[in-house]
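*Asks:* One structure is given below, represented as structure tokens, and several questions about it will come after.
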Amino acid sequence: MPRLFDSHSHLDVPEFDGDRAAVLARAKAAGVQEQLVPAVDHASWPGLRDACAMDPGLHAAYGLHPVYLERHRPAHLDALREWIENERPPAIGECGLDFFVEGLDAEAQRTYFHAHLELAREFDLPLVIHARRAVEEVYVSCKRIGGLRGIVHSFGGSPEQARQLADLGFLLGIGGPVTYERARRLRRLVAEAPIEWLVLETDSPDQPDAAHRGERNEPARLAQVLEVVAQLRDEDPEAVADATRANARRLLRLPPG
């Protein structure tokens with residue numbers, strides 16, 4: 001069975017409160033050995049830490065998601081520094097920019113995002129970045145600060161933007177959207193990009209694959225993402241699983257295992 005790494009799963013959120021252990025067991029049975037679980041807001045950090053304590057293959061990241069801007073306060077950035085110092089997570093996030101959702105203050109988003117970038121450089125940690133209709137600005141911001149690396153989650157940019165981000169040290173998160181035949185640009189990019197650029201993700205409980213449209217997503221369905229990516233690349237699924245898992249573990253600087 002291929003050994004998989006889900007590079008973006010929100011296993012800690014309330015949607016999984018009723019069956020979190022069963023969800024984790026199904027993921028393991030499907031070959032998902034490890035998951036990176038990024039936070040969305042300050043209030044969720046303790047619960048995220050507890051959820052990730054369930055299994056050594058669960059890795060927490062702490063940050064402030066741009067879509068939940070109304071929940072954030074400047075003091076939460078000070079708290080984030082303390083959590084990084086105390087918890088020593090392998091990554092910072094989820095953070096970023098979202099210019100798709102209406103009503104989100106763009107300047108406030110930038111303030112929080114740039115603070116995450118500075119913390120990532122200071123602590124030498126990778127970032128988990130949300131970039132919806134904001135890939136170009138994310139790239140420019142990361143390049144300006146320099147010395148950064150991470151994952152651009154649910155990548156939806158152009159091949160040129162993919163190359164630019166890869167040159168900076170960022171990986172591209174590929175999940176459920178690639179399973180939809182209408183996602184022609186994304187599918188072409190996945191077929192042609194160097195495997196060293198890619199990691200696989202589910203974004204559970206969101207972004208289900210085409211076969212589970214409208215349902216709650218979960219990490220076990222990373223197997224469907226793997227199947228499509230391997231088909232698009234005309235490569236062996238196990239080889240794709242091994243490569244993308246190695247990419248994620250190398251980025252996060254996880255010990256061998």
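We did not get these values from a lab; they are worked out from the coordinates using the rules stated. Worth saying up front: this structure is predicted, and the values here are computed from it rather than measured. A quick note on method: Cβ atoms are made from the backbone with ideal geometry, for glycine too, and the neighbour counts reach across all protein chains shown.
*Asks:* Given contacts defined as C-alpha pairs under 8 Å and at least six residues apart, what's the relative contact order of region 4-252, whole-number percent?
*Replies:* It rounds to 21 percent for region 4-252.
*Asks:* Moving on to the next point. For Ala39, list long-range residues whose amide hydrogen, built 1.01 Å from N in the peptide plane, is under 5 Å from its own amide hydrogen.
*Replies:* Sorted by chain and number, the residues that satisfy this are Ala61, Tyr62, Gly63, Gly93, Glu94.
*Asks:* What percentages, rounded to whole numbers, describe P(r) for region 4-252 computed over all alpha carbon pairs with 5 Å bin width beginning at zero?
*Replies:* Taking every Cα pair in region 4-252, the percentages come to 1, 7, 15, 19, 21, 18, 12, 6, 1, 0.
*Asks:* Please compute the alpha carbon radius of gyration of region 72-155, then divide it by the globular-protein estimate 2.2 N^0.38 Å. Two decimals is fine.
*Replies:* In units of the globular-protein estimate, region 72-155 measures up at 1.04.
*Asks:* For region 92-172, state which GluC sites (Glu not before Pro) are in a DSSP loop and have at most 11 other beta carbons lying within 10 Å of their beta carbon.
*Replies:* Listed in order of number, the matching sites are Glu102.
*Asks:* Distance between Cα centroids, region 68-112 to region 1-39: provide it in whole Å.
*Replies:* Cα centroid of region 68-112 versus Cα centroid of region 1-39: 23 Å apart.
*Asks:* What are the ³J(HN,Hα) values, in whole Hz, obtained from phi via the Karplus relation 6.51 cos²θ - 1.76 cosθ + 1.60 with θ = phi - 60°, for each residue of region 32-41 in sequence order, with x given for Gly and Pro?
*Replies:* 7, 7, 9, 9, 9, 10, x, 7, 10, 7
*Asks:* To continue, here is another question. Can you give me the relative contact order of region 16-87 as a percent, contacts being Cα pairs under 8 Å and 6 or more apart?
*Replies:* So the answer I get is 29 percent.
*Asks:* Quote the charge dipole size of region 1-98 about the Cα centre in Debye, to the nearest 20; the model charges only the Cβ of Lys and Arg (+1) and of Asp and Glu (-1).
*Replies:* 260
*Asks:* For the chain, list the DSSP H helices whose alpha carbon atoms reach 15 Å or more along the long axis and whose average Kyte-Doolittle value is 0.5 or above?
*Replies:* 222-233
*Asks:* Nearest 500 deg cm²/dmol is fine: what mean residue ellipticity at 222 nm does the chain get from its DSSP H runs of n ≥ 4 alone, each adding -39,500 (n - 2.57), divided by its residue count?
*Replies:* -13000 deg cm²/dmol
*Asks:* Specify the residue with the greatest mean-square fluctuation among Arg216, Arg26, Arg144, computed from a Gaussian network of the chain linking alpha-carbon atoms under 10 Å apart.
*Replies:* Arg144
*Asks:* Okay, next question. Which ordering of Ile129, Ile174, Ile195, Ile92 is given by a fewest-first count of other beta-carbon atoms within 10 Å?
*Replies:* Ranking Ile129, Ile174, Ile195, Ile92 by Cβ neighbours within 10 Å, fewest first, gives Ile195, Ile92, Ile174, Ile129.
*Asks:* Local charge sum around Val240 (other residues, Cβ-Cβ under 10 Å, Lys/Arg +1, Asp/Glu -1)?
*Replies:* Cβ neighbours under 10 Å give a net charge of -3.
*Asks:* Roughly how many debye, to the nearest 20, is the charge dipole of region 4-252 about its Cα centre, given +1 on each Lys and Arg Cβ, -1 on each Asp and Glu Cβ, and no other charges?
*Replies:* Around 420 debye, computed over region 4-252.
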